[in-house]
Structure formats: structure tokens, C-alpha cells
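**Q** Have a look at this one before I ask anything.
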Amino acid sequence: MQPVAEIGKLCHERGITLVIDTAQTAGVIPIHMQEMNVDVVAFTGHKALMGSMGIGGLCIRKHVDCEAYPERRDRGALHPSLPS
């Protein structure tokens, strides 16, 4: 495990959005986004969450400006399979 809270603090001091991949830990270890200074959490459903293969998601805190990312498409939904 990495010192996510400390990394998040450094990122926020520099205006950097922190995105973490929790594919191995979602559903196993509690993730407190505010306490950990995390802006976006990516997770897969088919591991500890016992979902179907190919299912996953993003949890994005309200203060994150999704308009700043070119992947933003239809009404705030992210469609990574669409060409930029």
C-alpha cells in the first residue's frame, strides 16, 4: 500500500487531481476519499465486489471539474471507447 493521504496532500498543494486505481482493494479495504485526499477512485466490479467481468466505475468528488478532461462527452458520462 502507498501513503495515499500524503500523496493526495502534495497533489492538492500543487493543484493536481489525484486518481487512484482500487481494482485490488475496492470492497476489501475501506476507502475514505476525503480523509485520503483522493479526487477520483476507479474500481472494477469483478474482483472483491463480486460483479460481472467488464463492470467497473469511477467515483468522482463534486469539486472535480470534469469539463477539464477531453474524455467528457454526453451529460457528464465518460465514454473512453469514443474517439477523442
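The values are calculated or read from the model by the stated rules, or taken from the named source; none is laboratory data. Remember, predicted model here, so these are calculated numbers, not experimental data. Glycine also receives a Cβ, built like all others from the backbone with ideal geometry; neighbour counts cover every protein chain displayed.
**Q** Scan segment 6-14 and tell me whether some residue there is of a type in the set (Asp, Glu), modelled with pLDDT of 80 or more and within 16 Å of the chain's Cα centre (by Cα). Steps first, please.
**A** Of segment 6-14, the ones of a type in the set (Asp, Glu) are 6, 13.
In the following step, the residues that additionally are modelled with pLDDT of 80 or more were identified as 6, 13.
Applying the additional criterion that residues be within 16 Å of the chain's Cα centre (by Cα) yields none.
No: zero hits.
**Q** Cβ-Cβ below 8 Å, separation at least six or inter-chain, first residue in segment 47-61 and farther than 11 Å from Val19 by Cα and charged (D, E, K, R), second assigned to a loop (DSSP other than H, G, I, E, B) and modelled with pLDDT of 75 or more: which pairs?
**A** Listed pairs, sorted by first residue: Lys47/Ala23; Lys47/Gln24; Lys47/Ala26; Lys47/Gly27.
**Q** Here is a list: Glu67, Glu71. Which entry is touching a strand residue (DSSP E or B) at 6+ places or on another chain (Cβ under 9 Å), modelled with pLDDT under 85 and acidic (Asp, Glu)? If you could, list the steps in order and put the result at the bottom.
**A** On the way: Glu67 fails: touching a strand residue (DSSP E or B) at 6+ places or on another chain (Cβ under 9 Å).
Just one listed residue meets the conditions, Glu71.
**Q** Which one of the conditions (1) modelled with pLDDT under 90; (2) in a loop (DSSP other than H, G, I, E, B); (3) surrounded by 15 or more Cβ atoms within 10 Å (Cβ to Cβ) does Met36 fail to meet, given that it meets all the rest?
**A** Met36 satisfies every listed condition except (1).
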